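Notes follow the structure.
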Amino acid sequence: MEELSATFHAQPLWLQSLIGLALLAAAALALNYVLKHVILRLAAPYLDRKSKTIDKAAAWLATAAPLMVISRGITLVPNLPEEVYTVVRNTAQALIVISVAMAIVKALTYANELYERLPRSKNRPIKGFVQVVKILVLCGAAIILISVLIDQSPLLLLSGLGAITAVLLLVFKDTILSLVASVQLTTQDMLRVGDWITMPSMGADGDVIDISLHTVKVQNFDKTIVTIPTHRLVSDSYQNWRGMSESGGRRIKRSLIIDQNTVRFLSDEEVIELKKFKMLKQYLAAKREEIAEWNARELSGEDAPVNARRLTNLGTLRAYIAAYLEWHPSISRDFTLMVRQLPPGPQGIPLEVYCFTNTTSWGIYEGIQADIFDHLLAILPEFDLKLFQEPSGGDFGPVFEKH
């Protein structure tokens, strides 16, 4: 060793420096190779095979070790100017800060990936919170990086932040708004991935596919993607259909517009004829008994038909529709079910069907609704009723006749 030391010191000063730098670089490269190509490969079978994120985090962290060797070892290289020592040491330390910061960022990403594998992640996503922590880590790393490069204490930089707080608030206004909105959306369970939402102001009508700090992505039913700023989901109004999906039923609310000119009283013969409807037997029997008792009590021997209570074809149709919905196997009995008459208008009398299907599947729901109204439209002539329809040119016939 003494001979090697003597031989080394016998060399020119520039050659001593060059040999020192070469040995330092070789030591750093050797350590980098051992960490990344030996130790990490040995540890690979024990890491998560479903994701490469943890591998990247480990690789970034391993990068800090050879940089630390350079930072500490540069002082052992002889005959270098003091400025070179300072620049190399500060640069290596700055790169160490970057490596550790990136390792933490990748670790946070991996933590979010692990959380997303849990069933509860669909209801309580933490992606927004993870992004906030990443921003804090990178901001802290930036402060330490600058302090290392200028060889000053980080406290000096932090003390100067108070003077530019207003500027930072202005620059990061959207980020701050999105942070607050993301916390509200998550803590109050206002939005989840998979929810169907409609937001006409943003052109959104589809399923939420991603919730992040700054944006929420919605895939419309036409397969287009709408990106909504997160804070708009708190400041603006939108409709979330999750309640409908979780309830197990979807509402049918549609009206038949009855031509008012076709509404009339039913004769006794017509009432007897309508008894052929199984769904109307109980209603007609109870109603005729009620009307007969009322007429006997109130008319006091009068025989003028105009003063008597009588069944109408519209009221009987309403009773038939209610009974039909009660019978229908695809209509839920756990929700409101009624058939109501809305105020008459210029187009006729709206007879509204209000009920819920026992499924929330869109395609099945539309089929059930169509089948119900197909039947109701076809059954109207049995009650001598017609729908109102705007007349077309063919309804008026030729305007001029040929002579």
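Quick look at the numbers
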item	result
Residue count, segment 199-216 (criterion: surrounded by 15 or more Cβ atoms within 10 Å (Cβ to Cβ) and at pLDDT 90 or above)	8
Residue among R297, R333, R309 that is touching a residue at least 12 places away in the same chain (Cβ under 8 Å) and of a type in the set (K, R)	R309
Of all residues in segment 110-125 being in a loop (DSSP other than H, G, I, E, B) and under 16 Å from D195 (Cα atoms), the one that is least open to solvent (accessible area, probe 1.4 Å)	P125
Complete set of residues in segment 365-396 that are open to solvent by 60 Å² or more (accessible area, probe 1.4 Å), aromatic (F, W, Y) and either in contact with a Cys (Cβ under 9 Å, 6 or more places away or on another chain) or in a helix (DSSP H, G or I) (or both)	F396
Residues of segment 58-82 classified as over 24 Å from P45 (Cα atoms) and hydroxyl-bearing (S, T, Y), total	2
Any hit, segment 74-97, residues being within 29 Å of D210 (Cα to Cα) and either exposed (fewer than 13 other Cβ atoms within 10 Å of the Cβ) or modelled with pLDDT of 85 or more (or both)	no
Within segment 237-261, considering residues that are open to solvent by less than 50 Å² (accessible area, probe 1.4 Å) and part of a loop (DSSP other than H, G, I, E, B), the one modelled with the lowest pLDDT	G248
Residue count for segment 37-68, restricted to those that are out of contact with any Phe, Trp or Tyr (no Cβ under 7 Å at 6 or more places or on another chain), open to solvent by less than 50 Å² (accessible area, probe 1.4 Å) and part of a helix (DSSP H, G or I)	12
Residue satisfying all of: in segment 262-276; of a type outside the set (A, V, I, L, M, F, W, C) and assigned to a loop (DSSP other than H, G, I, E, B); most open to solvent (accessible area, probe 1.4 Å) among these	K276
Matching residues in segment 185-236 - criterion: being hydroxyl-bearing (S, T, Y), part of a strand (DSSP E or B) and either over 11 Å from the mean Cα position of the chain (by Cα) or within 24 Å of V132 (Cβ to Cβ) (or both)	T215, T227
Test result for R264, on the phi < 0 side of the Ramachandran plot and touching a residue at least 12 places away in the same chain (Cβ under 8 Å)	yes
Neighbours by Cβ (under 6 Å, 6+ apart or cross-chain): first from segment 341-364, closer than 16 Å to T262 by Cα and open to solvent by 30 Å² or more (accessible area, probe 1.4 Å); second modelled with pLDDT of 90 or more and not in a loop (DSSP other than H, G, I, E, B)	Q341/L351; Q347/I257
Residues being among the small types (G, A, S) and over 24 Å from the mean Cα position of the chain (by Cα) - total across segment 351-370	2
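The values are calculated or read from the model by the stated rules, or taken from the named source; none is laboratory data. Just so we're clear, the structure is a prediction, and the values are computed from it rather than from any experiment. Cβ atoms come from the backbone with ideal geometry, glycine included; neighbour counts cover every protein chain shown. Surface accessibility is based on the protein's heavy atoms, side chains included, excluding ligands, DNA and RNA. Shrake-Rupley method; radii C 1.70, N 1.55, O 1.52, S 1.80 Å.
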